[in-house]
1. What list of ³J(HN,Hα) values in whole Hz, one per residue of the range 313-323 in order, does the Karplus curve 6.51 cos²θ - 1.76 cosθ + 1.60 (θ = phi - 60°) give from phi, with Gly and Pro shown as x?
2. Mind checking which of THR50, VAL296, ASN130 is farthest towards the positive end of the chain's charge dipole, using Cβ charges of +1 (Lys, Arg) and -1 (Asp, Glu) about the Cα centre?
3. What number, in percent, do you get for the relative contact order of the chain if the mean sequence gap of Cα pairs under 8 Å and at least 6 apart is divided by its residue count?
4. For the range 220-356, how many pairs of lysine residues have a Cα-Cα distance under 19 Å, where the two are 8 or more positions apart or belong to different chains?
5. Per-residue ellipticity at 222 nm for the chain, helices alone: DSSP H runs ≥ 4 residues times -39500 (n - 2.57), over residue total, nearest 500 deg cm²/dmol?
6. Return the sequence-ordered ³J(HN,Hα) values of the range 432-437 in whole Hz as given by the Karplus equation 6.51 cos²θ - 1.76 cosθ + 1.60 applied to θ = phi - 60°, using x for Gly and Pro.
7. For VAL102, enumerate residues with amide H under 5 Å from its amide H, sequence gap 5+ or separate chain, H modeled in the peptide plane.
8. Would you kindly enumerate the cysteines in the chain that have no other Cys beta-carbon under 4.7 Å from their beta-carbon?
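The values are calculated or read from the model by the stated rules, or taken from the named source; none is laboratory data. Only a predicted model underlies this, so the values are computations on that prediction, with no experimental measurement involved. Ideal geometry is used to build each Cβ from the backbone, glycine not excepted, and the neighbour counts take in all protein chains shown. Note: accessible area is taken over every heavy atom of the protein model, side chains too, but ligands, DNA and RNA are not part of it. Shrake-Rupley method; radii C 1.70, N 1.55, O 1.52, S 1.80 Å.
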Amino acid sequence: MNHDPKTFFIRTYGCQMNELDSEIMVGQLEGRGLKRTFDEDAADLLIYNTCSIRDLAERKVMGKLGQLGRTQKRKRIIGVTGCMAMAKKESLFRKLPHIDFVLGTNNISDLSEVLNDVIITGKQSIRTDNTFEENLDYLVAKKESKVSAYVSIIRGCDKYCTYCVVPYTRGKEVSRPPDDIEKEVRKLAAEGFKEITLLGQNVNSYGKDTPETQCLFHDLLYRLDKIEGIERIRFLTSHPIDITLELMQAIRDLPSVCEFVHFPIQAGSNRILKKMHRIYTKQQYFEKVAMLKELVPHASLGTDIIVGFPTETEEEFIETMDVFRKIPYSVAFLYTYSARKGTPAMRFKDDVPQEVKDDRHSRLFELHKEQAAQERAAMLGQTIEVLFEKKNRNGQLKGRTRCWKKVIIDGPDSFIGTLQQVKLHSFNHETLLGQVAEVAAGV
Ligand code: 5AD
Ligand code: SF4
């Protein structure tokens, strides 16, 4: 038997989906009477919500968990949740005998039961279902922010890009019923939230697995746009193949839907795209971007890129650089390829030397930095709408434009949760600095 924990600590690694799952676990644990602490040493229950997307992410967690086993002075309950729990399952108990439970990404709703198991039996417990059952109470989530909230609309991924663990760690696509989503968003609006970010590994697949609801992703946007109080709707992440004309029209026509699209190309060479199983060519990708730019000329774009995919040549990497010259992305997440166990790309020889991967990464990073600086410089002097979310460490207010650019100003706390017109005067890396327009005009 284990002692009933009174306090818990939770650490989240990885993507927004994990952040949302952690918020749900916090809500569940607080609902059962536990108190959250941010002091890892003081907590009776420790939860590590993990990520498997790249080797480094896993190594970080394994290092942390290994160290816990060596330094633990008193018995505490330790749980591993998230993608690594799914990828490694029971083998985690062999490597880390001091952990008490393993909870997969599809089993968040079982947290309380697993905890009871561990407390009552004193034995290790594991739940890692391969598919997600639509039984999770999202409404208990304890949101980190009071202004902007993540809302899950679809879990899992059916795309099977050859490098990616997600289809194995999060299972197949399961869309959440539109009525449930609408109910949650109405509740958030009533609580004063101004912005929602619809989350899914591929939000554009929304509704394809549930034809009976007759609600595809763009239909959902039309429903949610009607909800009073929600000023901004964002969505993450998209697969280019599923970005439809209807979605682009929704971005153009719906006042709350922000004009920022994360449009990840991953690589600029058709041979590499094929090897990645991205199911589009560079030409098809450019056509879609051109279509979006025609419909929504001021839309800004984000991307994810993997450099050094197996067999990628210098010429093929240059093609990725050329994509950036044609499409100056406003936001770019750049990664070096990391071979993941269980993925089809594991069969390809990881033959691009690490130094070459790192060199390509830094060349692309420099190009993007230059482009982002040019884009920000061109915005100086403009007055732009910013939603303020919180204060930063220096006591300044932090917010974002509709196109997801970070803006910092000096201003009163009362601006948090409000939209303000900000005149931009300078920038620092990717962050824009400014003043509220009335102040700037001397009113
Ligand atoms: N190696 C490097 N980057 C990866 N990503 C996914 N899998 C891998 C991998 N094995 C990147 C992709 C994806 C982002 C979330 O992480 O660019 O879009
Ligand atoms: Fe991974 Fe591809 Fe699915 Fe994105 S679309 S989660 S990269 S398999």
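1. Computed from phi, the couplings for the range 313-323 are 8, 4, 4, 5, 5, 4, 4, 5, 4, 5, 4 Hz.
2. THR50
3. Normalised by residue count, the contact order of the chain is 10 percent.
4. For the range 220-356, the number of qualifying lysine pairs is 10.
5. Counting only the DSSP helices, I get -10500 deg cm²/dmol.
6. 8, 10, x, 9, 4, 3
7. VAL80, SER125, ILE126, ARG127
8. Unpaired cysteines in the chain: CYS15, CYS51, CYS83, CYS157, CYS215, CYS258, CYS403.
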